[in-house]
Amino acid sequence: MSVPTPAAAMAIRDSLEEEVLIALVRAAWLAAERSNAVTAAAGLSPSQYNVLRILRAAGRAGLSCTEIGTRMVTRDSDLTRLMSGLARAGLVVRGTDSNDRRRSTNRITATGRALLRRLDRDVADAAKQSLGSLGRTRLTALRDLLVAFAPPQLSELT
């Protein structure tokens, strides 16, 4: 995917909202490129990394595919296929919920947790490379603006 240069992207000045949207999409793409390179080097797609991160936070209880889907940073059209691939790689284990046999529960394995621990520092370094130059005050303001624009869903907080 080719991202327009700032000059080309900003040449379209139909509205302030469009300018902000273009700048936001471009910034997100550039920031994601660095972290995606880290996860790709470990053999993970951005969606696979996202699922593992979500399951690590869920702890021993694990989550259903529906619950994982609501917490994803970006939506994956075939989460079941994605989960099957992670299970084949030994990074997650899928089981049946003991209270509701119709519901499957996904949990991260020790291998999956170890992989994330190996990636943690590099992912954090990629984020610092992308955003560190803004400084704490501007980063806090940016975070607050982005949360105001796209507030977390209740399901993402539990």
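The values are calculated or read from the model by the stated rules, or taken from the named source; none is laboratory data. Just so you know, these numbers come straight off a predicted model, no measurement behind them. Areas reflect the complete protein model, heavy atoms only, side chains present, ligands, DNA and RNA absent. Shrake-Rupley method; radii C 1.70, N 1.55, O 1.52, S 1.80 Å.
Key figures
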{"item": "The chain: relative contact order as a whole-number percent, Cα under 8 Å and 6+ apart", "result": "22"}
{"item": "Relative pair counts by distance (%), Cα atoms of the range 50-151, 5 Å bins", "result": "2, 11, 17, 18, 17, 13, 10, 7, 2, 1"}
{"item": "Of the DSSP H helices in the chain, those whose Cα atoms cover at least 15 Å axially and whose Kyte score averages 0.5 or more", "result": "16-41"}
{"item": "Surface per residue (accessible, 1.4 Å probe) for the range 41-154, Å²", "result": "65"}
